[in-house]
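Note sheet for the following structure.
The values are calculated or read from the model by the stated rules, or taken from the named source; none is laboratory data. Bear in mind the structure is a predicted one, so any value in this text is a computation, not a measurement. Quick reminder, even Gly has a Cβ in these numbers, built from the backbone with ideal geometry, and neighbours come from all protein chains shown.
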């Protein structure tokens, strides 16, 4: 994806590697687009604003069809790229659990 001036674009981050993904106003992510840095599919559940592991089918959009592989590209009409890139890395979760365990020793 081409770099755009900051005032005319919105910046998102790849949920896999955290690399910025710059979108022009009104631009959407195509089904076959991938992250320039890590090659992760960008039109995938883990990249979506509706993705929520605690929700039914791991999606807050109740009308969305079930997608089995959340990291692969899909045809979901409700896809909206997340602005937070909030997917936690495994190491971060383990560190947090260790800190909690240490509190109760």
Confirm whether residue 66 is part of a loop (DSSP other than H, G, I, E, B), on the phi < 0 side of the Ramachandran plot and either loosely packed, with under 12 Cβ neighbours inside 10 Å or modelled with pLDDT of 95 or more (or both). yes
The residue that is modelled with the highest pLDDT, considering only those in region 69-93 that are over 23 Å from residue 30 (Cβ atoms) and either assigned to a loop (DSSP other than H, G, I, E, B) or touching a strand residue (DSSP E or B) at 6+ places or on another chain (Cβ under 8 Å) (or both), is 89
Given the criteria modelled with pLDDT of 85 or more and out of contact with any helix residue (DSSP H, G or I) (no Cβ under 6 Å at 6 or more places or on another chain), does residue 96 qualify? no
Under the condition of being surrounded by 15 or more Cβ atoms within 10 Å (Cβ to Cβ) and under 10 Å from residue 84 (Cα atoms), which residue from region 1-19 is modelled with the lowest pLDDT? 12
